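All remarks here apply to the structure that follows.
The values are calculated or read from the model by the stated rules, or taken from the named source; none is laboratory data. From a predicted model like this one, the values you see are computed outputs, not experimental measurements. FYI the Cβ positions are ideal-geometry reconstructions off the backbone, even for glycines, and counts take in every protein chain you see. Note: accessible area is taken over every heavy atom of the protein model, side chains too, but ligands, DNA and RNA are not part of it. Shrake-Rupley method; radii C 1.70, N 1.55, O 1.52, S 1.80 Å.
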Amino acid sequence: MRRAVDVASAVARELVGVLRGGNQTVQMMLVALIDAVELEVWADGKLRRRARFLRDTEARKYAERLAGRLVRRGYRRTIDGR
């Protein structure tokens with residue numbers, strides 16, 4: 001469960017990837033916090049994973065690795081998913 005402090009400190013959100021496979025859509029969202037960056041992975045509207053990073057670049061690298069893994073499993077990147 002997300003703590004109230006995290007919700008209050010969220011500064012911005014950015015969609016960094018959308019992948020589709022079979023009947024599932026996966027969205028990866030960067031959430032900028034005051035002291036860190038979180039990568040949220042949503043599948044069909046449900047939060048599946050949240051990882052916290054100190055730097056934006058590390059979160060983006062992780063998102064790319066995760067997207068690559070999903071592509072190898074048959075998911076396809078959408079046009080806005082880069």
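Quick notes on this structure:
- Of the residues making up the stretch 32-46, those that are outside any loop (DSSP other than H, G, I, E, B) and either touching a Phe, Trp or Tyr at 6+ places or on another chain (Cβ under 9 Å) or under 16 Å from Arg20 (Cα atoms) (or both) are Val37, Glu38, Leu39, Val41, Trp42, Ala43, Lys46.
- Pair list, Cβ under 7 Å, 6 or more apart: the stretch 9-22 residue at pLDDT below 95 and in a strand (DSSP E or B), other residue among the hydrophobic types (A, V, I, L, M, F, W, C) and open to solvent by 50 Å² or more (accessible area, probe 1.4 Å): Val11/Ile34
- Check on Arg60, open to solvent by 90 Å² or more (accessible area, probe 1.4 Å), in contact with a strand residue (DSSP E or B) (Cβ under 7 Å, 6 or more places away or on another chain) and at negative phi: no
- Some residue of the stretch 44-65 being without any contact (Cβ under 8 Å) to a residue 40 or more places away in the chain and more than 19 Å from Arg13 (Cα to Cα): yes
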